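Asks: Here it is: the structure, laid out below.
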Amino acid sequence: MIRFLLKGILRDKNRSMLPVIIITIGVTLTILLSGYLKGVMGDLTDQNARFETGHVKVMTRAYYENKDQLPNDLALLDAAALTDTLRKAFPDMQWVNRIRFGGLIDVPDGDDGSKGQGPAVGMALELLSASSGEIQRMNIPGALVKGHLPARSGEALIGHDFATKLNVKIGDEITYMGATMNGSLTFYRFSVSGTLRFGSAGLDRGAIIIDISDARTMLDMEDATGEILGFFESNVYNDDLALAHAARFNSRYVQVRNEYAPVMIALRDQNNLAGYLDYVDMFSLLFVGIFVFAMSIVLWNTGLLGGLRRYQEFGIRLALGEEKGHIYRTLVYEAILIGAIGSVIGTCTGLLGIWYLQVHGIDISGMMKNSTMMMPSVLRARFTPDLLYIGFIPGLFAMVFGNMLSGIGIYKRQTAALFKELEV
Amino acid sequence: MRPVAYTKQLVPGTKNPEPDFAYVNTFNMKQEKIITLEHVTKRFPVGDGEFAALRDITLDFQKGEFAGLVGPSGSGKTTLLNIIGSLDSPTEGTAMVMGKRISALSHKQSARLRNLHLGFIFQVFNLLPVYTVYENVEFSLLLQNRSASERKKAVMEALEWVGLEKMANKKPAKISGGEGQRVAIARAMVKRPEIVLADEPTANLDAKNAHAIIQTMKKLNEELGTTFLFSTHDEKVMSYLDRLVHLNDGKVAQDELVNHKTKTP
Ligand SMILES: Nc1ncnc2c1ncn2[C@@H]1O[C@H](COP(=O)(O)OP(=O)(O)O)[C@@H](O)[C@H]1O
Ligand SMILES: [Mg+2]
């Protein structure tokens, strides 16, 4: 019987073509959108992790609560010991210290005057220690526009546009003005070794990157650090594991009633990323839901039309002694076959599209010029195993559901009424 | 109304004993009532009211009859065939087919009755267009879950009966009208039903094909003992029938037995 039905589907193009095309389009769109969202989300998470949040981040509780103000007066003390503890407790992660700071950059004209000044957002990294991996992590070689990486202390990298605005050239001296950890005024002189452009307005605006040893001297932060970031060795964020690590670490300090006690925060709980992650999940789900609904309605209608066209066939089959219920079931089997065919094709084309986006990407840097959001400038989709079924199952479901609905109409008709269609 | 002698044979114990031996011979051998209709009335809702397509029909048919419902268009022939074919049921009265009361059958049971015991032939040949001649004929056997080899044997035999074994792999669109109706006969006969219901089977055929079709059915009637019940207003068909039940306005106007040799009125 299945063979009989399959023959019918394959030979009657009218019956199968339209639903297959509809399902193929729907499934393809679902997969493209999901993969694209995964890609955007993945890139966003990745970029946030590298530049700001780490996969987990350790700070003092007070620093965490005020982190937008870059409050180095609330920094972690005994940084070396704490970092060491973290390395031992969580050997699956790489741990680095970072200090973030704000202040003013002044460019002296060599005559006690000033060529230019501008507010700066600085980041101090373990630049001079090769084992930290920070240079690669921040993709500094890729972002370097002019000059070279700092080779010794006292050298700094600054944002390329910032440099242009301040009229600074490679090798020029600049002065940082700001407050130390203890609140006193500090001046520190750097020579500009290179200029950078990360391609993200939020990062490039007024950026200065220095080695952390300079920052410690400059900000009076001997053996202190604003943040300790942890990265999984695999470089891939694992939400469950990060949350588990954070919970384990934080449980040691639950009894401590001290705002300087360290606290570990997973990526998802920083920068509202949880919101993003959940939003993307919800959006995916919503899209799939709308897709299933719309597809079901369209397929219901094509099912009805197909059914009308086939009343003659149903009449004959009834006359030959097939039961109505059996006819209805064969309609459902047919829907499963057609739905599966459409969903397989749709999944293939969708994955092909994802593959293209994953390999080539779409450059949207033109649209991102004025954005302060930390967004990647090339949108990429990302293949994840769930794409194999995220389109397939709804495609199949929509077809079967739509045909079950339309089939009920046929089922409800009186045998004689169906049979009437046989008369000319 | 029905000839007296015939009535006597069908209903033992009736008063009129006058024998008419021409008919006794025909029906003596197969005295089994295969279709019995008693006071069958069928009304269809039309607008606010009802329309009686059949009124108080009382009739029966013996196993092996080659009979026809004749009458003008709209006289109720198709309605009556549909009731006998368990595709519809009477509003009043009882219709018994193969000992089963039509109005008491469930969907399942009536489907089973059609599948095992009834064959249908329609005015339009109604072959499933996407399937080959072979597959069209095979379908009822698929429903009966017969084995592949059994199906093949039965289908080829049925196609031989109608002389179409060479057309087995053709699609319905590729064969002529006469051939199409012969496929329909093969499809009805392949499961060797007790009763074949043929609703105006020659209406769309030319004279030559009409004769060929009806002769084929007559032959099957004689060889297999299958009961044939036609609906027709085609003189050519009537000339082969042994019994004509005239319907008019949903009522039996006349029930005549036809002796082809003596041409009894
Ligand atoms: N489903 C129906 N609803 C209403 N009227 C019907 C229906 N089926 C048949 N009729 C009417 O019943 C009468 C008999 O129809 P039918 O049995 O098809 O006649 P015949 O086959 O002798 O031409 C016709 O007047 C027809 O219009
Ligand atoms: Mg009719």
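Read the figures in this text as sums done on the coordinates, not as results from a lab. Computed from a predicted structure; not experimentally measured. With ideal geometry, Cβ positions are generated from the backbone for all residues, glycine too; neighbour counts draw on all protein chains shown.
Asks: Could you work out the relative contact order of the stretch A:56-236, using alpha carbon pairs under 8 angstrom and six or more residues apart, expressed as a whole percent?
Replies: Rounded, it is 33 percent for the stretch A:56-236.
Asks: Tell me which of A:ALA79, A:VAL292, A:SER234 sits at the most positive position along the dipole axis of chain A, charges placed on C-beta atoms (Lys, Arg +1; Asp, Glu -1).
Replies: A:VAL292
Asks: Find how much the distance from A:ARG87 to A:ALA130 grows on full extension, using 0.36 nm per residue of separation minus their present alpha carbon separation; answer in nm with one decimal.
Replies: Here the segment from A:ARG87 to A:ALA130 would lengthen by 13.8 nm.
Asks: How crowded by other chains is B:107-114, given as the mean number of beta carbons from other chains within 10 Å of each beta carbon?
Replies: Partner Cβ neighbours, averaged per residue: 5.
Asks: Quick one: compute the contact order of chain B, relative version, from alpha carbon pairs under 8 angstrom and 6+ residues apart, as a percent.
Replies: It comes to 25 percent, rounded to a whole number.
Asks: Taking every DSSP beta bridge with both residues inside the protein assembly as shown, roughly what % is antiparallel (nearest 5)?
Replies: In the protein assembly as shown, approximately 70 percent of DSSP beta bridges are antiparallel ones.
Asks: Using θ = phi - 60° and the Karplus curve 6.51 cos²θ - 1.76 cosθ + 1.60, what whole-Hz ³J(HN,Hα) does each residue of the stretch A:297-306 get, with Gly and Pro shown as x?
Replies: Computed from phi, the couplings for the stretch A:297-306 are 5, 4, 6, 4, 5, 5, x, 4, 4, x Hz.
Asks: In what order do A:MET59, A:MET138 fall by count of nearby beta-carbon atoms within 10 Å, going from fewest to most?
Replies: Final ranking by Cβ density, sparse to dense: A:MET138, A:MET59.
Asks: Once Lys and Arg get +1 and Asp and Glu get -1 on their Cβ, which of A:LEU320, A:ILE140, A:GLY339 lies farthest toward the positive end of the dipole of chain A?
Replies: A:LEU320
Asks: If you don't mind, another one. In the stretch B:2-262, with Lys and Arg counted as +1 and Asp and Glu as -1 at Cβ, which of these residues, B:VAL124, B:GLN144, B:TRP161, has the Cα nearest the positive end of the dipole, that is, farthest along it?
Replies: Farthest along the dipole direction, towards plus: B:GLN144.
Asks: Using every alpha carbon pair in the stretch A:129-176, what percent of pairs falls into each 10 Å bin from 0 up to the bin containing the largest distance?
Replies: 21, 55, 22, 2
Asks: Just want the ordering: B:ARG146, A:ARG257, from fewest to most Cβ atoms lying within 10 Å of their own Cβ.
Replies: A:ARG257, B:ARG146
Asks: By how many nm would the segment from A:GLU173 to A:LEU104 grow when fully extended, if each residue of separation counts as 0.36 nm and the alpha-carbon distance is taken off?
Replies: Extra length available between A:GLU173 and A:LEU104 comes to 23.4 nm.
Asks: Here's a follow-up. Which whole-number percentage describes the relative contact order of chain A, with Cα contacts under 8 Å and a sequence gap of 6 or more?
Replies: It comes to 28 percent, rounded to a whole number.
Asks: Please list the non-local residues whose amide H lies under 5 Å from the amide H of A:ALA120, H modeled 1.01 Å from N, same-chain partners needing a gap of 5 or more.
Replies: So A:ALA120 has HN proximity to A:GLY103, A:LEU104, A:ILE105.
Asks: How big is the dipole moment of the stretch B:2-262 about its Cα centre under a simple scheme where the beta carbon of each Lys and Arg is +1, that of each Asp and Glu is -1, and everything else is neutral? Debye, nearest 20, please.
Replies: Computed charge dipole of the stretch B:2-262: roughly 800 debye.
Asks: Next question. Working from Cα positions, state the angle (0 to 90°, nearest 10) between the long axis of helix A:392-412 and the longest principal axis of chain A.
Replies: For A:392-412 against chain A, the angle is about 30 degrees.
Asks: How large are Rg and Dmax for the stretch B:2-262 when calculated on the C-alpha trace, in angstrom?
Replies: 18.5, 57
Asks: How many partner chain Cβ atoms sit within 10 Å of a residue's Cβ in peptide B:127-140, on average, as a whole number?
Replies: 4
Asks: Hey, got a sec? Which GluC sites (Glu not before Pro) in the stretch A:204-284 land in a DSSP loop and have at most 11 other Cβ atoms within 10 Å?
Replies: Here the GluC sites (Glu not before Pro) that fit, given the DSSP loop and packing criteria, are A:GLU222, A:GLU233.
Asks: Please list the radius of gyration and Dmax for the protein assembly as shown, considering alpha-carbon atoms only, with Å as the unit.
Replies: Answer for the protein assembly as shown, Rg first and Dmax second: 44.0, 147 Å.
Asks: Using a basic spin-label model with each label point 7 Å from the Cα along Cα→Cβ, how many nm lie between B:LYS219 and A:ASP68?
Replies: The modelled label-to-label distance comes out at 9.6 nm.
Asks: Separate question: Tilt of helix A:239-251 relative to the longest C-alpha principal axis of chain A, in degrees (0 to 90, nearest 10)?
Replies: Once rounded, one gets 50 degrees.
Asks: Mind checking the mean number of beta-carbon atoms from other chains within 10 Å of the Cβ atoms in A:321-329?
Replies: 5
Asks: Skipping prolines and chain starts, which residues have an amide H placed within reach, meaning under 5 Å, of the one on A:SER129, given they are 5 or more residues away or on another chain?
Replies: none
Asks: Order these by the 10 Å Cβ neighbour count, fewest first: A:ILE290, B:ILE83.
Replies: Fewest-to-most Cβ neighbours within 10 Å comes out as A:ILE290, B:ILE83.
Asks: What residues qualify as long-range amide H neighbours of B:GLY71, i.e. H under 5 Å apart, gap of 5 or more or another chain, H built at 1.01 Å from N?
Replies: B:THR232, B:LEU247
Asks: Size of the dipole of chain A about the Cα centre, Lys and Arg at +1 and Asp and Glu at -1 on the beta carbon, nothing else charged, in debye to 20?
Replies: Computed charge dipole of chain A: roughly 2400 debye.
Asks: Placing +1 at every Lys and Arg Cβ and -1 at every Asp and Glu Cβ, with all other atoms neutral, what dipole size does the stretch A:56-236 have around its Cα centre, in debye to the nearest 20?
Replies: Here the stretch A:56-236 has a charge dipole of around 500 debye.
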